[in-house]
1. In this structure, is residue 579 surrounded by fewer than 17 Cβ atoms within 10 Å (Cβ to Cβ) and in contact with a strand residue (DSSP E or B) (Cβ under 7 Å, 6 or more places away or on another chain)?
2. For region 587-605, give me each residue that is within 30 Å of residue 132 (Cβ to Cβ) and out of contact with any strand residue (DSSP E or B) (no Cβ under 6 Å at 6 or more places or on another chain).
3. Quick one: which residue in 581, 625, 594, 602 is over 30 Å from the mean Cα position of the chain (by Cα), at negative phi, in contact (Cβ under 8 Å) with a residue 24 or more places away in the chain and outside the structural domain of residue 522 (by TED's automatic domain parsing)?
4. Go through (1) touching a helix residue (DSSP H, G or I) at 6+ places or on another chain (Cβ under 7 Å); (2) buried (at least 18 other Cβ atoms within 10 Å of the Cβ) for residue 597 and report which single condition fails.
5. Kindly establish whether residue 298 is modelled with pLDDT under 90 and surrounded by fewer than 19 Cβ atoms within 10 Å (Cβ to Cβ).
6. Of everything in region 616-628, what is surrounded by 12 or more Cβ atoms within 10 Å (Cβ to Cβ) and not in a helix (DSSP H, G or I)? Give them in sequence order.
7. Where residues in region 301-333 are under 23 Å from the mean Cα position of the chain (by Cα) and outside any strand (DSSP E or B), which of them is surrounded by the fewest Cβ atoms within 10 Å (Cβ to Cβ)?
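The values are calculated or read from the model by the stated rules, or taken from the named source; none is laboratory data. Worth saying up front: this structure is predicted, and the values here are computed from it rather than measured. Virtual Cβ from ideal backbone geometry, glycine too; neighbours counted across all protein chains shown.
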């Protein structure tokens with residue numbers, strides 16, 4: 001499939017480094033078509049070829065401070081000075097493009113291709129809203145070619161894959177491949193629907209302008225109206241540059257787009273000219289690559305785990321592999337449909353990644369590496385823990401063990417009940433919960449509140465102090481807020497936020513337990529699925545028995561109902577743009593939400609009001625074009641004050 005990888009980025013980098021080492025030892029083996037002698041891929045025949053005015057080069061990579069130091073020592077020797085200033089830029093995981101302006105007017109755009117010749121994607125690049133079609137500068141500009149990175153934001157990438165999933169299409173493995181596929185659509189309209197963004201990072205060619213260094217060039221490009229990264233920094237030493245790399249390696253996930261490293265460039269153009277370039281890369285720049293976010297490995301087996309709601313979740317057992325700095329040997333597969341959709345089989349070579357550097361997941365299987373010995377997975381009809389029936393309700397993706405006394409279900413429920421976001425019982429961890437259940441000291445979560453100190457001393461490795469601490473933690477948890485209790489009960493689809501909404505509206509477990517479907521769905525943010533789940537939960541006798549035991553144990557079951565502001569804007573949507581003087585934008589959004597409205601970041605025909613502050617942007621223009629009601633800050637204050 002177009003722009004679909006068969007190995008991870010890290011594996012590719014490792015193979016390239018191995019080939020480079022081999023070619024240094026045996027130079028007679030180097031061929032013109034060796035990957036080490038090429039910058040990128042051959043341009044596609046589906047697009048008209050475009051010869052670049054100057055070569056679009058690749059970058060040499062560094063994977064440690066030692067390799068950065070080697071780079072610095074080399075260029076210091078060649079320049080005969082250690083007084084070198086650098087520019088550090090985030091290495092966006094996107095697609096390199098060349099944009100040409102003539103006297104400030106956009107005329108063409110192309111992919112990097114093989115570095116010499118790219119693909120003409122003029123119409124497709126023109127759909128990128130952040131790309132100006134006319135530069136904001138006076139004077140004779142002549143012919144100007146700028147280099148940039150087209151990319152998909154994390155939000156757009158997620159939305160794109162969700163849409164492809166609904167349509168039954170293969171998912172993109174990462175934002176870079178999705179961006180490449182988006183730019184190479186044969187219809188510009190299809191590219192426009194992907195909502196690409198772009199950051200400009202260099203000047204590739206200019207017929208009329210000259211600058212002394214890269215930092216000065218970036219300032220000009222920014223003033224001309226091109227989108228240039230605000231995260232770039234100058235560094236006076238390689239140590240300072242490495243500090244920049246380490247800092248962004250730690251906080252990279254706070255960005256709205258994916259990065260896989262930092263590009264470090266010598267700032268001075270005079271020094272760049274002295275250092276020169278190789279056939280593939282500039283000698284004056286290097287890319288510091290972060291530890292890989294994706295890797296390839298072999299899926300050896302699929303095991304089943306039973307959760308607190310009875311959900312039977314398949315988990316991949318993998319050959320251990322290092323991803324994002326830690327060893328991964330297991331990854332969730334979510335459900336049977338997910339396995340079918342991704343065509344994952346036991347024995348497959350697969351690409352895995354860590355979402356947000358936390359949760360390992362399988363991105364795709366590599367079909368070309370199959371041997372014929374792989375086995376398809378089939379969800380069993382009985383629970384792997386208790387032997388009870390496993391049933392998949394109509395319309396749901398998850399299969400569940402229907403035995404309410406399944407030991408795995410009870411164990412997971414106890415873990416959830418005692419967790420920090422729920423009743424926060426410090427000391428009641430996995431090992432303690434397992435022993436309490438194995439020793440029959442508890443049979444449900446309510447039994448926790450009937451434990452004595454003598455019971456706790458029966459736990460392995462528990463002495464007086466540990467028993468006292470856990471006993472006191474259990475007692476303290478009786479006073480947790482109502483919302484925490486509702487969340488702890490484990491009602492399906494009732495997360496921490498929905499629990500807050502329910503606690504605020506009803507004020508007690510008793511009041512909530514008597515609510516009907518119709519009453520619940522009348523509450524903002526409570527849909528039919530949540531309402532049905534709540535009614536079903538309180539309709540189950542075993543659950544009401546547990547709640548009664550909790551009440552008798554002294555667990556807090558109610559709270560004062562806070563009077564809510566008049567819900568005058570129920571069903572209406574507000575959009576705020578520009579800088580407000582009397583309050584922050586988040587404060588204004590909180591006010592309208594408390595009055596029943598929704599706050600959105602985008603304007604549509606369904607928007608009720610657009611509130612404009614100083615320096616209002618494109619949202620103001622869009623509101624005017626759609627005929628949406630526009631309010632000044634003063635008018636907004638008057639509206640909410642009645």
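1. On the way: surrounded by fewer than 17 Cβ atoms within 10 Å (Cβ to Cβ): yes; in contact with a strand residue (DSSP E or B) (Cβ under 7 Å, 6 or more places away or on another chain): yes.
Against the criterion (surrounded by fewer than 17 Cβ atoms within 10 Å (Cβ to Cβ) and in contact with a strand residue (DSSP E or B) (Cβ under 7 Å, 6 or more places away or on another chain)), residue 579 qualifies.
2. Correct list: 601, 602, 604, 605.
3. Values: 625 fails: in contact (Cβ under 8 Å) with a residue 24 or more places away in the chain; 594 fails: over 30 Å from the mean Cα position of the chain (by Cα); 602 fails: over 30 Å from the mean Cα position of the chain (by Cα).
After ruling out the rest, the residue left standing is 581.
4. The one condition residue 597 does not meet is (1).
5. Numbers: modelled with pLDDT under 90: no; surrounded by fewer than 19 Cβ atoms within 10 Å (Cβ to Cβ): yes.
Against the criterion (modelled with pLDDT under 90 and surrounded by fewer than 19 Cβ atoms within 10 Å (Cβ to Cβ)), residue 298 does not qualify.
6. 616, 628
7. Applying the filter and picking the extreme gives 325.
Residues checked against (1) without any contact (Cβ under 8 Å) to a residue 60 or more places away in the chain; (2) in contact with a strand residue (DSSP E or B) (Cβ under 7 Å, 6 or more places away or on another chain); (3) surrounded by fewer than 15 Cβ atoms within 10 Å (Cβ to Cβ); (4) not assigned by TED's automatic domain parsing to the domain that holds residue 307:
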| site | (1), (2), (3), (4) |
| --- | --- |
| 414 | yes, no, no, yes |
| 421 | no, no, yes, yes |
| 429 | yes, no, yes, yes |
| 432 | yes, no, no, yes |
| 437 | yes, no, no, yes |
| 442 | yes, no, no, yes |
| 450 | no, no, yes, yes |
| 455 | yes, no, no, yes |
| 460 | yes, no, yes, yes |
